[in-house]
Amino acid sequence: MTKEWREKSTADLMSRHVSNEMGYGVPKEGWRICLAHEFKEKRKPFQAKDVSLANVWEHIGLGVRYLKWWYKKTQVEKKAPFIDMFRAQPLRQIYGAPLGGIGGGTITRGWRGEFCRWQLNPGMYHYKTVTANQFTVCIRRGGQTVYQQVLSVERPPTLQGWNWGYCGEYAFYHALYPRAWTVYHLPGQNVTLTCRQISPVIPHNYKDSCLPVAVFVWDIENKNDYDLEVSIMFTMVNGSGHKDDKSGGHWNEPFHLEKEGEAVSGVLLHHCTTVNPYTLCIAARKQSGREVSHQTAFSPKGTCSSLWSDLITDGRLDSPTGFSPPTPKGEKVAAALAVTCSVPPQNRNTLEFCLAWDMPKITFGSREREHMRRYTRYFGSKGDSSPSLSHYALTHYSQWEKSIEEWQRPILQDSSLPSWYKSALFNELYFVADGGTVWTELPEDVDISGGVRSEEGGLPAQPAIIKEYGRFAYLEGQEYRMYNTYDVHFYASFALIMLWPKLALSLQYDIAGSVVQQDPTERLHLMSGEYSPVKAKNVVPHDIGDPDDEPWQRVNAYLIHDTAHWKDLNLKFVLQVYRDFHLTQDSQYLRDMWPICQAVMESEMKFDLDGDGLIENSGYADQTYDGWTVTGPSAYCGGLWLASLCVMCKMARLVDNEKTYQHYRNILDKGSAAFDQLLWNGKYYNYDSSGKDHSNSIMSDQCAGHWFLRASGLGEGEYQAFPKEKIQSALRSVFDLNVMRFAGGQMGAVNGMCPEGVPDRSSVQSDEVWIGVVYGLAATMIHEGMWEEGMRTAEGCYRTVWESLGMAFQTPEAYCEKGIYRSLAYMRPLSVWAMQLKPIFDFK
């Protein structure tokens, strides 16, 4: 990856920017793009038709069964499949940083300014750009309006009475999540506007981080030698562009709230649906020298000239009193809020807006149980909290920014870290909030173990950490609609345990509670065509449920495979338990999880078929690489098994159980010898031990077990499962072949590579690049002192996704070298935080 290519890649996103104005307070680091940029490469989503003929024949039974199931789900039940292989989301290269905190729903604003992705109903996404949701600027001089412009590059067929078509070459967008900046130079006006967007996503903060709010701060720079009066108008439709916007009964009302010496005014937009009703709120801070005006209701169709004329007349809106009548069926309603201030010559002034939404009580698709969102603990659950939420946001956002800057500053100021890495580290965190995330209170009548207790007692019915910090769940992906998919969370969990450790532990308790339960209900598994129980005892579930059903109550929405036979889920639970203890030193957590770890490890022992201390595979490898056939012991699952044995030895010592320590020590010693004998080929660990075609493929993720040991402070001395020289040789092989022999070394690491240097195309997954796996691989390389190799490996993924393919804030699960991608907006890339876990300067 040449220096010239790196510089060109970044410069391309800004190549059409013609202004010299760089805005107010915009940081150097982050993801920056000119509003006039067009991405040249247009990729298509992976769909059923993209499966090769060889793989079609192998999976023909799955295809037939999936089609039958898909038809029943979509046409009979009228529900969305948890994975839709026939209607994947097309790539829209438009998304910017999402608005809102964690678990209260999100609204995504595109990098060109559009409000375009909605997740207000928990876990269910709606992709619709609402044209009327805009910011507009009005500039007046000497009592006359001299300029009025919608700050949008679009020229929509509706609202023709507004002045559209702002020239995007004069503006750019800059994201450093959870903040973003848009800088508009106004041609001919000698005025520059900087809109700063702030969401309260703050590490180790469990109050403000859950709030469904975002603040927009407008810095207005007047470069003229005369005074200007400037107004910013914020327009918002009552709804999200969904068909229920026209269901009737929605209404708006103005409000004013003053407390503790601070006042806010705005408009409440009450969206009165039968299921999960909510209130949107647009608000502004009332301060000296700033005038707030509003239009309670207008119809966002036709030319909408009257609202435009209202603003252009004097830079203010009419501000009627009283509420609007409920909308008739088939009609929409919108509201507008304007704030006006004077800006002296060669000076700057600031205007502040807030967008809040209040959906305190939620039900999932089954409608069986009502859940309270986390923020209701602080703002109540009556559905009347929007004024208080907006008041709180507008009076506390400066504290949020101080906390965000203190958190980010040490990384941003480290000149030895490359700029792309700083952008990746913070911007990939968008998924913590925008992963269909829910953060709820634990209902008083819920027992997380379903009432199951062993003779020794078992887990508390309501663990203290869940009672205090709530329940947390996020989707595997916006298109793979399963909460807390555990094999993927294994990678993504680094972001949670490092930044919101209480949420990470809460999630672990919920998983542990489901481990001890069983659901004997027989169901058809689509891969095998056989019926088997939904959930076996002492087995970690694949996921905790589908938001279109009833998460937590019904687990394992994933019905492709019978997950009772997957080896990696249990092992990943054990590895995370110790990793989390190592990072938090929470001894109560360790004591609670130890019996669960013992139970799941004993359930794994049945896969040691020949007593050599090494578990074996038959059929599909594991849950993570479930499209890749494997026979016998494999590098991936075998490595996870040995790492799990290693941490069981460590935990046995911590709980002072020497007998158990010796039990796992004996298995580890036997297993390590068998692992080396069966899989080591002198340079790397073979994919599996079958001796079949492709069994000697180089798997990019072959050192995953060692990665977790190193992340847990183990991997050396008594707690070493893999010889250091073999790990380093394997990583070198992966770098030389999977990275440098793939796509010119500029797209990360392909999952599987044949020894002769061509991608392994034996399965639908082996020739893919999995971004989250690559970040974990890079972290492993860094742990082993391979700083340059690790950084180059990860850089290829970042630049491909964020700079070449236009997938900002929707990083997919996978892409191939050419043509296709799979599963936009995916959980696993949060693993980039694993690269930051150990003090990175140790390896430079």
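The values are calculated or read from the model by the stated rules, or taken from the named source; none is laboratory data. Treat the numbers as computed from the prediction; the structure is a model and nothing was measured. Heads up, the Cβs are rebuilt from the backbone with ideal geometry, glycines too, and the neighbour counts pull from every protein chain shown. Just the protein is used for accessible areas: all its heavy atoms, side chains included, with ligands, DNA and RNA removed. Shrake-Rupley method; radii C 1.70, N 1.55, O 1.52, S 1.80 Å.
One table, with the values for the structure above:
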item: The range 565-604: number of residues that are within 27 Å of the chain's Cα centre (by Cα) and within 30 Å of residue 65 (Cβ to Cβ); result: 8
item: Residue check for residue 750: surrounded by fewer than 23 Cβ atoms within 10 Å (Cβ to Cβ), assigned by the TED database to the domain that holds residue 705, outside any strand (DSSP E or B) and of a type in the set (Val, Ile, Thr); result: no
item: Any chance residue 360 is in the same structural domain as residue 252 (by the TED database), farther than 21 Å from residue 134 by Cα and either under 31 Å from the mean Cα position of the chain (by Cα) or without any contact (Cβ under 8 Å) to a residue 24 or more places away in the chain (or both); result: yes
item: Residue that is nearest to residue 698 (Cα to Cα), among those in the range 709-747 that are open to solvent by less than 10 Å² (accessible area, probe 1.4 Å) and polar (S, T, N, Q); result: 738
item: Those residues of the range 559-578 which are open to solvent by less than 20 Å² (accessible area, probe 1.4 Å) and farther than 20 Å from residue 491 by Cα, in sequence order; result: 561
item: Complete set of residues in the range 216-273 that are β-branched (Val, Ile, Thr) and over 23 Å from residue 108 (Cβ atoms); result: 220, 230, 264
item: Those residues of the range 370-385 which are free of Cβ contacts under 8 Å to residues at least 40 places away in the same chain and touching a strand residue (DSSP E or B) at 6+ places or on another chain (Cβ under 6 Å), in sequence order; result: 370, 381, 385
item: Condition broken by residue 18, with the remaining ones in (1) modelled with pLDDT of 95 or more; (2) more than 23 Å from residue 814 (Cα to Cα); (3) within 29 Å of the chain's Cα centre (by Cα) satisfied; result: (3)
item: Selection count where residues are of a type in the set (Phe, Trp, Tyr) and not in a helix (DSSP H, G or I), scope the range 708-747; result: 2
item: Among the residues listed as 306, 381, the single one being modelled with pLDDT of 95 or more and assigned to a helix (DSSP H, G or I); result: 306
item: Flag if residue 556 is assigned to a loop (DSSP other than H, G, I, E, B), open to solvent by less than 50 Å² (accessible area, probe 1.4 Å) and not hydrophobic (A, V, I, L, M, F, W, C); result: yes
item: Residue count, the range 150-185 (criterion: farther than 30 Å from residue 430 by Cα and in contact (Cβ under 8 Å) with a residue 12 or more places away in the chain); result: 6
item: Helices (runs of 4 or more DSSP H) completely within the range 430-548 that count 2 or more residues being assigned by the TED database to the domain that holds residue 643 and buried (at least 24 other Cβ atoms within 10 Å of the Cβ); result: 486-499, 501-515
item: So residue 581, is it open to solvent by 10 Å² or more (accessible area, probe 1.4 Å), at pLDDT below 95 and aromatic (Phe, Trp, Tyr); result: no
item: Residue tally, condition under 30 Å from residue 65 (Cβ atoms) and either more than 23 Å from the chain's Cα centre (by Cα) or among the basic types (Lys, Arg) (or both), over the range 482-535; result: 21
item: Hits in the range 294-328 (condition: under 20 Å from residue 162 (Cβ atoms), open to solvent by 30 Å² or more (accessible area, probe 1.4 Å) and hydrophobic (A, V, I, L, M, F, W, C)); result: 297, 312
item: Of residues in the range 783-838 being basic (Lys, Arg) and surrounded by fewer than 24 Cβ atoms within 10 Å (Cβ to Cβ), the one modelled with the lowest pLDDT; result: 838
item: So residue 230, is it open to solvent by less than 10 Å² (accessible area, probe 1.4 Å), assigned to a strand (DSSP E or B), over 24 Å from residue 314 (Cβ atoms) and among the β-branched types (Val, Ile, Thr); result: no
item: Selected residue (only one of 732, 665, 710 is more than 30 Å from the chain's Cα centre (by Cα) and within 18 Å of residue 636 (Cα to Cα)); result: 732
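Let's see how each residue does on (1) open to solvent by 10 Å² or more (accessible area, probe 1.4 Å); (2) assigned to a loop (DSSP other than H, G, I, E, B):
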position	(1), (2)
226	yes, yes
236	no, no
240	yes, yes
244	yes, no
255	yes, no
268	yes, no
274	yes, yes
